[in-house]
Amino acid sequence: MKFHTVGEILKNLENCIEYHLPFSHIRFGDGGIKFLHSVLNYDQDQLNIIIRKEGLPSHKIIEIFELWGHYARNANYIDSPEIYFDGTFWPRIKKPGKPINSDTELKLRDWYKYYHDSEFDNENYCNPESNYLMVLKTDKYKNIFNLMKGRKVCIITVFPEVQEVLKDYNVDIVKIVGHYENQYENSFKKVIQIIKDNATKYDFWMVAAGELGRIYSGIIKEYGGRTVDIGFVIEYWLTTYIHPRLHAYMTMNLSNKLELVLTDEGEKFLENI
């Protein structure tokens, strides 16, 4: 199985910016796998937890599920958790010395079945951690800041204050409500209209919007725009908080706190990043 490196992804994005081609990078991650499992296996208890947290209307779940499939099929890249288990990248852990929940690991290992049964039908796989890898400072490839320089960017996020953190770049914000605040009811329609009206007005978008974010990303590409799924990197930019699962492998770049650098342990995987 081939995994596209972050260098390849960003080079492709840069090419699409230059030639005004649509582009989408969509990550489903652990939460996406759990959503697919819930829908495919009629696990209503787990689905109810996701519905409440992500603000999804229960009567729209199948529509959202089918939209995921549609936009996954049409994405330039989607993530796959297989890289955690094939020895080419660091393992998925909860924190150093503590493995993830065994039930979560089983779901991640069954990712192909969930993708297949959901008709994702896209083998342009990338790393689930590609959002964090996009802000790595390395000699190997340009990072997201190289692409932002001199370009116009829009971010869909709960945290509009990130605009101040990124004040050296030309960034607009589309604000959404957060977890447990009914995003579908309170943000979804507004965001979709903004995307439809403005998809191509930006060189690219960055999406940090949970489960509904996969739909935003898909619609951005559908309307001719370009987008990457930046996820929790927004929180890192605001707080310099790095999830404990990454502590052994990545740390803040002391010369630019918005960037990350690899630790000695992380450097072992540089060839596959």
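The values are calculated or read from the model by the stated rules, or taken from the named source; none is laboratory data. Because the structure is predicted, anything quoted here is derived from the model rather than measured. Reconstructed Cβ throughout: ideal geometry from the backbone, glycine too, with neighbour counts over all protein chains shown.
Out of all the residues in the stretch 217-231, is one or more within 19 Å of residue 134 (Cβ to Cβ), among the β-branched types (Val, Ile, Thr), part of a loop (DSSP other than H, G, I, E, B) and more than 16 Å from the chain's Cα centre (by Cα)? The answer is no, given that none of the residues of the stretch 217-231 is within 19 Å of residue 134 (Cβ to Cβ), among the β-branched types (Val, Ile, Thr), part of a loop (DSSP other than H, G, I, E, B) and more than 16 Å from the chain's Cα centre (by Cα). Across the stretch 183-216, which residue is farthest from residue 24 (Cα to Cα) among those that are small (Gly, Ala, Ser) and part of a helix (DSSP H, G or I)? The selected residue is 187.
Of the listed requirements (1) within 18 Å of the chain's Cα centre (by Cα); (2) among the polar types (S, T, N, Q); (3) within 30 Å of residue 184 (Cβ to Cβ), residue 143 misses just one: (3).
The residues listed here are 89, 35; of these, the one that is part of a helix (DSSP H, G or I) and on the phi < 0 side of the Ramachandran plot is 35.
Residues of the stretch 263-273 that are surrounded by 14 or more Cβ atoms within 10 Å (Cβ to Cβ) and either more than 20 Å from the chain's Cα centre (by Cα) or within 24 Å of residue 168 (Cα to Cα) (or both): 263, 266, 269. Residues in the stretch 26-70 that are farther than 21 Å from residue 119 by Cα, among the acidic types (Asp, Glu) and surrounded by 13 or more Cβ atoms within 10 Å (Cβ to Cβ): 54 only.
Any residue in the stretch 157-176 that is buried (at least 21 other Cβ atoms within 10 Å of the Cβ), modelled with pLDDT of 95 or more, of a type in the set (Ser, Thr, Tyr) and under 18 Å from residue 10 (Cα atoms)? No, every residue in the stretch 157-176 fails to be buried (at least 21 other Cβ atoms within 10 Å of the Cβ), modelled with pLDDT of 95 or more, of a type in the set (Ser, Thr, Tyr) and under 18 Å from residue 10 (Cα atoms). Annotation: of all residues in the stretch 217-258 being surrounded by fewer than 19 Cβ atoms within 10 Å (Cβ to Cβ) and among the acidic types (Asp, Glu), the one that is farthest from residue 100 (Cα to Cα) is 222. Cβ-Cβ contacts under 6 Å between residues 6 or more apart (or on different chains), taken from a first residue in the stretch 198-211 that is small (Gly, Ala, Ser) to a second residue that is in a loop (DSSP other than H, G, I, E, B), are listed as 199/223; 199/224; 199/225; 208/230; 208/231; 209/176. Each residue in the stretch 242-272 was checked for being assigned to a loop (DSSP other than H, G, I, E, B), within 16 Å of residue 89 (Cβ to Cβ) and touching a helix residue (DSSP H, G or I) at 6+ places or on another chain (Cβ under 9 Å), and 3 pass.
Taking the criterion of being surrounded by fewer than 22 Cβ atoms within 10 Å (Cβ to Cβ), touching a Gly at 6+ places or on another chain (Cβ under 8 Å) and among the aromatic types (Phe, Trp, Tyr), the only residue of the stretch 77-134 that qualifies is 90.
Here residue 185 passes the criteria (1) among the acidic types (Asp, Glu); (2) under 25 Å from residue 239 (Cβ atoms); (3) out of contact with any helix residue (DSSP H, G or I) (no Cβ under 7 Å at 6 or more places or on another chain) except the one numbered (2).
Residue 183 falls short on exactly one of the conditions (1) within 18 Å of the chain's Cα centre (by Cα); (2) over 26 Å from residue 244 (Cα atoms); (3) without any contact (Cβ under 8 Å) to a residue 24 or more places away in the chain, and that condition is (3).
Residues in the stretch 1-60 that are closer than 30 Å to residue 135 by Cβ and charged (D, E, K, R): 2, 8, 11, 14, 18, 27, 30, 34, 53, 54.
The set of residues in the stretch 169-182 that are part of a loop (DSSP other than H, G, I, E, B) and in contact with a strand residue (DSSP E or B) (Cβ under 9 Å, 6 or more places away or on another chain) comprises 169, 176.
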